[in-house]
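The values are calculated or read from the model by the stated rules, or taken from the named source; none is laboratory data. None of the values given here were measured: they were computed from a predicted structure. Here Cβ is always computed from backbone atoms with ideal geometry, including for glycine, and neighbour counts include all displayed protein chains. Surface areas here come from the heavy atoms of the whole protein model, side chains and all, with no ligands, DNA or RNA. Shrake-Rupley method; radii C 1.70, N 1.55, O 1.52, S 1.80 Å.
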Amino acid sequence: MTTHPSDHIDAMLHESRVIPASDTFAAQARVTRETYDAMYRQSIDDPDTFWADVAGELDWMAPWTQVLDWQEPHAKWFVGAQTNIAYNALDRNVARGLGTKRAIVWEGEDGEVRTYTYSELLTEVKKAANALLGLGVQAGDRVTLYLPMIPEAAISMLACARIGAAHSVVFGGFSVSALSDRINDAQSKVLITADGGLRRGNLVPLKANADAAAQNAPGLEHIVVVNRGGSNPPMQAGRDVWWHDVVGAASDAHEALAVDSEHPLFILYTSGSTGKPKGVLHTTGGYMVGTYLTTRTVFDLRDDDLYWCTADVGWVTGHSYIVYGPLLNGATVLMYEGAPNQPDWGRFWDIVQKHGVTILYTAPTAIRAIMRQGDEYPNRYDLSSLRLLGSVGEPINPEAWMWYYRVIGGERCPVVDTWWQTETGSIMLTTLPGAYPSKPGSAGLPMFGVDAAIMTREGEELGPDDGGLLVIKRPWPSMLRTVYGDDARYQKAYWGEIPHVYFAGDGARRDGDGYYTVMGRVDDVLNVSGHRLGTMEIESALVAHPSVSEAAVVGKPDDVKGECVVAFVTPQGGQTVDPAALRAHVSKEIGALARPDAIIIADALPKTRSGKIMRRFLRQIAAGRTIEGDTSTLEDPAVLERLAATEPV
Ligand code: WTA
């Protein structure tokens, strides 16, 4: 096992590996190749019928008059219809006989387990809805949530949706000022938090942070506090109320409010390349239909599955694939509060064994962290309940993919990589398990209704194997509707970069089979003779060479090519780097256009103390500029002088 820092993007290099689902899985797959092909074709050729059919599986309180109203860049889906997503996730499932089925199985970091059936969850959500109404929250308001991974997080989200208030979940790891910024931007009058959340045995002081944030959030009227840790934080009279008091005392009679299909469901703040975080706004009907369909098909959901997504509800994955998508489908969702290494690196596998998890959806970073600890942790547990594995958040490198497939999935479980974004609301690219084989490192094929393409910045569509910008050519139901309070930014960032298409901000490539390989944000992509190349991609090729230990690639302005490739490499212990062999190797791995124009062989790369390579300085050195910027965060600033003095080869 290597520990190269750029391992995680060597994804693109090994697409020749093709891994089909096992015969057993394929034989019973929800979506076969024929079904996928037919459904995808209909979703593109006749989207209105396709989406109306999917939406028709859910309950609406008033019908739509039009499936899509598209006034670029503003979309309205299921125009004029009324519905309620919490009603669809709870009341509807209770009505169809799932009342006694478990909706949420929660495990605290301390090992406490709590279970809610669909009926019990519905009751809690009704009470929470009444409690929020009692605090003056009205339809159209925003409520900020700053909670640990406890059932009350899901209950709060659903309670907001039930009364037509938009939730804005702020990840519990965010700071005080991030929290107050988001409360203010959303103009929330109510904040729901907890005294704390357990993380590696410690109680993260959420209420103390909320108190500090409230100092700078003058519009905040109430803080509702869940007692998670029994830590008795100070409560400000008139402002702060305990969840168990207000929800405990609330009536359990509540009828979900019928809201317009385009009624705001939530705001979720996410970082852009510039400026302050954007409040991505999602609305009700389209998001509901998108998360409902993708959860069922991508995860091949069955009635008896125990589905576990390890994300935090503070991120979009938690919204779409812990709360809304699975509950809309009547699934049993496992929710875990804490860290993957508490008490040790076997925790995930202990949870899988103990609860009989059948579907696991996690992130490459978690997989790599666990992988590094060796096989002995997973090998201690019985993982035979698992039948499907998912990955999300960043490109998954083939090495981690294969480990996940082999050690966790026992070569029995398909691994579905899923590319999507906060903005897209639901999964956009994936390889449906059983329909098509997986290619480790490649996100796969477009989901239903996703009209993806690879384009140049000028809007020219590129063919197979050309790297370019990943765009979506038409609206899809779960897409963001705007940036909250800044529609101009929405128009510019998403539909204004490339004319008439949604610009994802990612570089990608499509192969001859139509599989998309996402190379990462375009900030890290070079443009060499009009071809876009992931710097990580080249780095991965370089470190795959036996003579190379570490590599960092940056672009350098070039009169002819626009940009050319400069590679900084450190030799593997005891080896000499042969530049010609290395160039040939990169040509072989990626293509001649990725061959480094200059290679700088060095004993070390400039890294922060946490091990992050500072490419900023490498770009300056590559361009022959003097080094500018704060070098004090570097582990060894002298590295820069040595690199600058080294002749490229
Ligand atoms: C990256 C997370 C490659 C990508 C759901 C995207 C991925 C950004 C993948 C969105 C994947 C996410 N393969 N890259 N399977 N999934 N990304 O908004 O760069 O937190 O633009 O949404 O993560 O991150 P976000």
* Could you name the lysines whose alpha carbon sits less than 23 Å from that of K278, not counting residues in the same chain fewer than 8 places away? => K76, K189, K473, K492
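Using a 1.4 angstrom probe, figure out how much accessible area the chain has per residue, in square angstrom, rounded to the nearest whole.
Normalised by residue count, the accessible surface of the chain is 36 Å².
Would you work out what percent of the accessible area of segment 368-431, with all protein chains in place, is carbon or sulfur (probe 1.4 Å)? Please report the intermediate quantities before stating the final value.
Values: 800 of 1900 Å².
Carbon and sulfur together cover 42 percent of it.
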* Percentage relative contact order, segment 225-307, counting C-alpha pairs under 8 Å, at least six apart -> 19
* Calculated over segment 247-377: convex hull of Cα atoms, volume per residue (Å³) -> 183
* Asked: At S384 and S16, where each label point lies 7 Å from the Cα along Cα→Cβ, what is the point-to-point distance in nanometres?
  -> 3.7
* Structure fact -> For the chain the mean separation of alpha carbon contacts under 8 Å (6+ apart) over residue count, i.e. relative contact order in percent, is 14
* Structure fact -> The local net charge around T358, scoring Lys/Arg +1 and Asp/Glu -1 for residues other than T358 whose Cβ lies under 15 Å from its Cβ, equals +3
* Structure fact -> For the chain, whose charge dipole is built from +1 on Lys and Arg Cβ atoms and -1 on Asp and Glu Cβ atoms, the candidate among H244, H74, V577 with its Cα farthest towards the positive end is H244
* Roughly how many debye, to the nearest 20, is the charge dipole of segment 275-339 about its Cα centre, given +1 on each Lys and Arg Cβ, -1 on each Asp and Glu Cβ, and no other charges? -> 400
* Asked: Does segment 329-418 come out rounded, prolate or oblate, given a ≥ b ≥ c as the square roots of the eigenvalues of its C-alpha gyration tensor, rounded meaning a/c under 1.5 and, failing that, prolate meaning a/b above b/c?
  -> rounded
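Could you please state how large a percent of the accessible area of segment 33-110 is carbon and sulfur, counting protein chains only and using a 1.4 Å probe? The partial results should precede the final answer.
Working: 1700 of 3530 Å².
Roughly 48 percent of what the probe reaches on segment 33-110 is carbon or sulfur.
How high is the FRET efficiency between A581 and A253 when r is their beta carbon distance and R₀ equals 60 Å, given to the nearest 0.05? Please report the intermediate quantities before stating the final value.
Working: r = 75 Å, r/R0 = 1.25.
Here the calculated transfer efficiency is 0.20.
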* To do: Name the residue farthest towards the positive end of the dipole of the chain from the options A153, A62, W349, assuming +1 on Cβ of Lys and Arg, -1 on Cβ of Asp and Glu, about the Cα centre.
  => A153
* **Förster-model FRET efficiency, 30 Å R0, T365 and Q71, C-beta, rounded to 0.05** => 0.15
* To do: May I ask you to give the percent of accessible area on segment 148-252 that is carbon plus sulfur, with a probe radius of 1.4 Å?
  => 49
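At 222 nm, what value in deg cm²/dmol follows for the chain if DSSP H runs of at least 4 each add -39500 (n - 2.57) and the sum is divided by all its residues, to the nearest 500?
Working: 19 runs with 176 residues, N = 649.
The helix-only estimate for the chain comes to -7500 deg cm²/dmol at 222 nm.
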* With 10 Å bins from zero, work out the P(r) of the chain over every alpha carbon pair and list the percent per bin. => 3, 15, 25, 26, 19, 8, 2, 0
* Could you list the residues of segment 424-448 with an amide nitrogen less than 20 Å from a label point located 7 Å from the Cα of D37 in the Cα-to-C-beta direction? => 430-439, 444-448
* **Label point distance in nm, D304-R200, each placed 7 Å from Cα along Cα→Cβ** => 4.0
* To do: Measure nothing fancy, just the Cα-based angle from helix 206-215's long axis to the longest principal axis of the chain, in degrees from 0 to 90, nearest 10.
  => 90
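Can you give the relative contact order of segment 139-205 as a percent, counting alpha carbon pairs under 8 Å and 6+ residues apart?
Working: 86 pairs, mean separation 29.6, N = 67.
RCO, segment 139-205: 44 percent.
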* Asked: How large is ³J(HN,Hα) for each residue in segment 305-315, as worked out from phi by the Karplus curve 6.51 cos²θ - 1.76 cosθ + 1.60 (θ = phi - 60°), to whole Hz, x for Gly and Pro?
  -> 6, 10, 9, 10, 10, 7, 5, 9, 5, x, 10
* Beyond 18 Å, what percent of the Cα pairs of segment 15-159 remain? -> 73
* Structure fact -> Residues of segment 380-401 with backbone N under 13 Å of the label point set 7 Å from the Cα of D511 along Cα→Cβ are 398
* **Estimated dipole of the chain in Debye, rounded to 20 [Cβ of Lys and Arg +1, of Asp and Glu -1, Cα centre]** => 580
* Asked: Which whole-percent values make up P(r) of segment 429-476 when all C-alpha to C-alpha distances are grouped in 5 Å steps starting at zero?
  -> 5, 20, 24, 23, 19, 8, 2, 0
* Counting all C-alpha pairs of segment 375-429, share separated by more than 12 Å (%) -> 67
* Separation between the E394 and T626 pseudo-spin-labels, each 7 Å from Cα along Cα→Cβ, expressed in nm? -> 3.5
